[in-house]
Amino acid sequence: MKKLLLVVQGPTGIGKSNLSIQLAKHFQTEIISADSRQLFKELSIGTAVPTPEELKQIPHYLIHSHSILENYNASLFETEAIGLISQLFNKLDVLVMTGGSMLYVDAVCKGIDFQPDVDAQIREKLMRDLEEKGIEHLRLQLKQLDEVYYQQVDLKNPKRLIRALEVCLMTGKPYSSFRTETTKKRAFQILKIGLNMDREQLYERINQRVDHMMQAGLENEAKNIYPHRHLNSLNTVGYKELFAYFDQEISKEKAVELIKRNTRHYARKQLTWLRKDEAIHWFEPHQQNEIIDFIERNLEQ
RNA sequence: GGGGAGAUACCAAAGUGGCCAACUGGGGCAGACUGUAAAUCUGCUGUCUCAUGACUUCGUAGGUUCGAAUCCUGCUCUCCCCA
């Protein structure tokens, strides 16, 4: 029997979790989350993790599995997820993976190149350079250390420049030498299901979901982690806006408005990413039966 | 009833005779993206063709001028103050 990883993708708020649970029930299997924020046990309401009842119904992995205090990245996710998947395939033939972090999904489906760990001080130094000497300084440094990547990189994007430079400085080798960009072979098959719907309808759902989050106590959740607000893990829609409200920079109403807008932006960005993936089979969220039929036909092949 | 201010593209808001299809911000749309990815970055946004091209715009109807979003007149509407 072949091993099949069902990957459920789509913009935030479209109903990935719900569909995944239905699929997991139907195929009697379990769910791996690919969500860079649901990973953190301190975050629940703002990241729209499945409800405790839902989590009880179907075993979920990589939800609430880490702390915001840990450093996390796509490569770690690849390692952990692949480990889990191969373990779970010992007892299951089908698995569901779902989540909105496209880079994380790709890390599992295609793999991500090995890159060495970098000392935190190196990144901090580069960030200081950026602030004090400007982005041009980083560009020139990269041009010297890695001409190849300099030609490819978005020279206006500070994070890209810093990442490349920190690897160069850490290893003494050009960043581009680590970028093989080869697709890894996986021991299982992958079937991608994409969910989409009318844009206006999706935005309306998102707006409502944010209102529900506020009613459910998002403000309190944010308050609890407010002392850690500068952590990267909390540079997250739904929290950063409330932190600004706590800092008295904006009103609460404004914060809610911004959460809605930023969530919409996020959804759109996800769709931009997903659109170019030709492996995705697109459906609307209500087409649950069609999706199951589609998967079963695929299993028979 | 009297006095004053103003009506600019989806919204806000500059522009006060030619350099204006119209600054800027927001929103919207599109895109990039292999260790910060819910992050970060980019482009477009009057219409048509998509070109340094054409056409229609700055409440509305006229007028002045070689030329008007910009000046004048009527009208409509909004806001403020005094009654």
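The values are calculated or read from the model by the stated rules, or taken from the named source; none is laboratory data. This is a predicted model, so every value here is computed, not measured. All Cβ positions, even for glycine, are placed from backbone atoms using ideal geometry, and neighbour counts span all protein chains on display. When the accessible area is computed, the model is the full protein with side chains, heavy atoms only, and any ligands, DNA or RNA have been set aside. Shrake-Rupley method; radii C 1.70, N 1.55, O 1.52, S 1.80 Å.
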Three principal axis lengths of region A:1-123 [C-alpha, angstrom, descending] | 49, 36, 23
Residues of type lysines that residue A:156 reaches as a straight line, Cα spacing below 16 Å, ignoring anything fewer than 8 places off in the same chain = A:133, A:143
For region A:1-139, with only Lys/Arg (+1) and Asp/Glu (-1) charged at the beta-carbon, what is the dipole magnitude about the Cα centre, in debye rounded to 20?
-> 500 debye
Residue A:65 to residue A:135: extension gain in nm, 0.36 nm per residue of separation minus the Cα-Cα distance?
-> 21.6 nm
Given a cut-off of under 8 Å on Cα pairs at least six residues apart, what relative contact order in percent is computed for chain A?
-> 27 percent
State to the nearest 20 debye the size of the charge dipole of region A:49-114 about its Cα centre, where the only charges are +1 on K and R beta carbons and -1 on D and E beta carbons.
-> 140 debye
Solvent exposure ordering (accessible area, 1.4 Å, most first) of A:42, A:257, A:166 | A:257, A:42, A:166
Using a 1.4 angstrom probe, figure out how much accessible area chain A has per residue, in square angstrom, rounded to the nearest whole.
-> 53 Å²
Is the shape of region A:78-222 rounded, prolate or oblate, going by the alpha carbon gyration tensor and its root eigenvalues a ≥ b ≥ c, with a/c under 1.5 for rounded and a/b larger than b/c for prolate?
-> oblate
HN-Hα couplings for region A:260-276 via Karplus (6.51, -1.76, 1.60; θ = phi - 60°), in whole Hz with x for Gly/Pro, come out as 4, 4, 5, 5, 4, 4, 4, 4, 5, 5, 4, 5, 4, 5, 5, 4, 8
Looking at the square roots a ≥ b ≥ c of the eigenvalues of the Cα gyration tensor of chain A, which shape do they give, rounded for a/c under 1.5, prolate if a/b is larger than b/c, or oblate?
-> oblate
Once the piece of chain linking residue A:230 and residue A:154 is laid out straight, how much longer is it, given 0.36 nm per residue of separation minus the C-alpha distance between them?
-> 24.8 nm
Number of Lys pairs (Cα under 22 Å; 8 or more positions apart or on different chains) in region A:165-301 = 15
Roughly to the nearest percent, how much of the accessible area of region A:1-98 is carbon and sulfur, given a 1.4 Å probe?
-> 49 percent
Counting only protein heavy atoms and using a 1.4 Å probe, what share of the accessible area of region A:115-167 belongs to carbon plus sulfur, as a whole percent?
-> 49 percent
Taking amide hydrogens as modeled 1.01 Å from N in the peptide plane, which residues meet the under 5 Å criterion relative to residue A:190, leaving out close sequence neighbours?
-> A:5
Return the long-range amide H neighbours of residue A:195 (sequence gap of 5 or more, or a different chain), with a cut-off of under 5 Å between placed amide H atoms.
-> A:9, A:10, A:283
Within the accessible area of region A:214-272 (1.4 Å probe), percent carbon and sulfur | 45 percent
Within region A:83-148, trypsin sites (Lys or Arg not before Pro) in DSSP loop having at most 11 other beta-carbon neighbours inside 10 Å = A:91
Checked region A:174-301 with the C-alpha gyration tensor, a ≥ b ≥ c its square-rooted eigenvalues, rounded below a/c of 1.5, otherwise prolate if a/b is larger than b/c and oblate if not; verdict oblate
